1. Quick check: is even one residue across the range 295-306 within 30 Å of residue 168 (Cα to Cα), open to solvent by less than 10 Å² (accessible area, probe 1.4 Å) and over 15 Å from the mean Cα position of the chain (by Cα)?
2. Taking the condition touching a strand residue (DSSP E or B) at 6+ places or on another chain (Cβ under 6 Å) and not hydrophobic (A, V, I, L, M, F, W, C), does residue 269 pass?
3. For the range 373-382, which positions are among the small types (Gly, Ala, Ser) and either assigned to a helix (DSSP H, G or I) or surrounded by 23 or more Cβ atoms within 10 Å (Cβ to Cβ) (or both)?
4. Please give the number of the condition residue 266 fails out of (1) under 23 Å from the mean Cα position of the chain (by Cα); (2) open to solvent by less than 10 Å² (accessible area, probe 1.4 Å).
5. Filter the range 121-159 down to residues that are part of a loop (DSSP other than H, G, I, E, B) and closer than 24 Å to residue 188 by Cβ and give me whichever is nearest to the chain's Cα centre (by Cα).
6. I'd like the full set of residues that are closer than 24 Å to residue 169 by Cβ and among the hydrophobic types (A, V, I, L, M, F, W, C), limited to the range 339-365.
7. Quick check, is residue 253 polar (S, T, N, Q) and out of contact with any strand residue (DSSP E or B) (no Cβ under 6 Å at 6 or more places or on another chain)?
8. Out of curiosity, is residue 235 surrounded by fewer than 18 Cβ atoms within 10 Å (Cβ to Cβ), touching a helix residue (DSSP H, G or I) at 6+ places or on another chain (Cβ under 7 Å) and among the acidic types (Asp, Glu)?
Amino acid sequence: MFQKLYEKMKQFPIVAVFFLFLFCFTILDMLWPKRERSDLENRELAQLPEFSIKSVLAAKDTWMSQYAKYTQDQIAFRDSWIDIKSRAENMLMKTENNGVWLGKDHYLFAKFMNIGSRFESNLNAVKRMAERHPGMVDVMIVPSASNILTEKLPWRVPIADEDAAHDTIAQTLDGTARVFDLRDTLRSHAQEYIYYRTDHHWTTEGAYLAYQEYATAKGLVPFDCSKASKKQVSDFYGTNFSKARPWDAVADTITYYDLPNQLTIYSAKPDGSETAEPGPLYNDSDFKTRDKYRAFLRGNNGYSVLEGNGEGNILVVKDSYANAFIPYLTANYKTIGIVDFRFWNEKIDSLIERGNYDEVLVLYSFQGFMDAMTLASKIATP
């Protein structure tokens with residue numbers, strides 16, 4: 001039998017080579033080390049799902065679909081395949097790769113074309129919270145880079161009507177919360193370095209423009225950058241780069257102010273108790289990793305408290321966009337509570353009472369606010 005198979009394969013050498021390659025790669029892929037996280041893509045990788053009859057017969061997210069994700073995430077030479085795919089698509093002059101628009105001047109933009117129903121539910125939840133705490137709530141939803149740096153987008157790419165959504169925010173919250181509409185401010189500085197080229201966040205410089213507007217409106221003396229120790233970290237490649245991997249990407253530079261203020265991070269234990277971990281405002285070791293933005297506030301923590309140099313107590317309800325903004329608040333407040341409801345299971349009214357907060361600032365990126373899955377459930381009701 002093997003002799004006949006050998007004779008047939010001799011007649012089709014290309015097919016023989018293909019099957020030999022496929023066999024060898026399958027063995028290699030089985031032996032290839034499995035990873036929990038991809039630093040290149042800045043995300044957790046799928047792990048081998050536990051097999052059960054129930055998971056196989058499930059209507060959604062079956063064992064087979066989980067296993068497919070696992071094989072995709074754990075394939076041998078995954079990072080190299082991503083790089084090859086990205087380079088090939090760049091050679092074909094594509095304007096989009098893996099959910100990222102490839103813009104002008106090396107700018108990369110997160111691609112989104114629709115605004116889902118969660119945006120409306122989150123906005124209504126903010127309104128209900130503001131009605132329960134009259135005069136306390138300020139709202140700052142930061143426009144996406146694609147909404148501000150429109151001249152750097154690929155020609156005529158379809159994008160969501162974000163301007164209409166910002167108008168809706170102002171109209172819905174009129175009379176219940178103060179809304180900081182940053183579009184005009186950021187557009188007037190669009191030629192400056194206010195958004196990272198390779199990442200979805202705004203820069204420290206962009207955040208300062210928003211902070212100045214906030215401080216002026218509140219009658220606060222702004223943080224004086226000239227009196228703070230300014231530091232910079234180069235060679236930053238952000239999340240948009242990790243997805244698109246353009247061959248000609250230009251690295252970003254992170255600016256931050258080295259402040260002595262102490263940040264205490266709280267962690268919830270299974271028994272309901274909490275631990276408190278005091279420490280610095282930044283995790284300097286993260287500046288040496290690929291995910292350098294994670295150094296701000298020592299990462300995205302559920303609930304933390306920052307000691308300031310001013311007066312009064314403020315609670316910031318936020319996503320990661322706020323991490324570059326919050327250090328400026330140390331000039332104005334005595335206590336700055338920081339909550340990210342993706343990682344903290346406590347309702348807003350309980351937190352306000354816990355910290356005796358006088359003010360609440362809701363600070364999200366537009367896309368972060370649009371996609372926030374747990375925000376409404378934490379703030380809509382007491």
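1. yes
2. No, not satisfied.
3. 376, 377 - these are the residues of the range 373-382 that are among the small types (Gly, Ala, Ser) and either assigned to a helix (DSSP H, G or I) or surrounded by 23 or more Cβ atoms within 10 Å (Cβ to Cβ) (or both).
4. (2)
5. By that ranking, first place goes to 144.
6. Within the range 339-365, 339, 341, 344, 348, 351, 352, 360, 361, 362, 363 qualify.
7. no
8. Answer is no for this residue.
The values are calculated or read from the model by the stated rules, or taken from the named source; none is laboratory data. Model, not experiment: these values are computed from the prediction. We place every Cβ from the backbone using ideal geometry, glycine too, and count neighbours over all the protein chains shown. Side chains included, ligands, DNA and RNA excluded: accessible areas come from the protein's heavy atoms. Shrake-Rupley method; radii C 1.70, N 1.55, O 1.52, S 1.80 Å.
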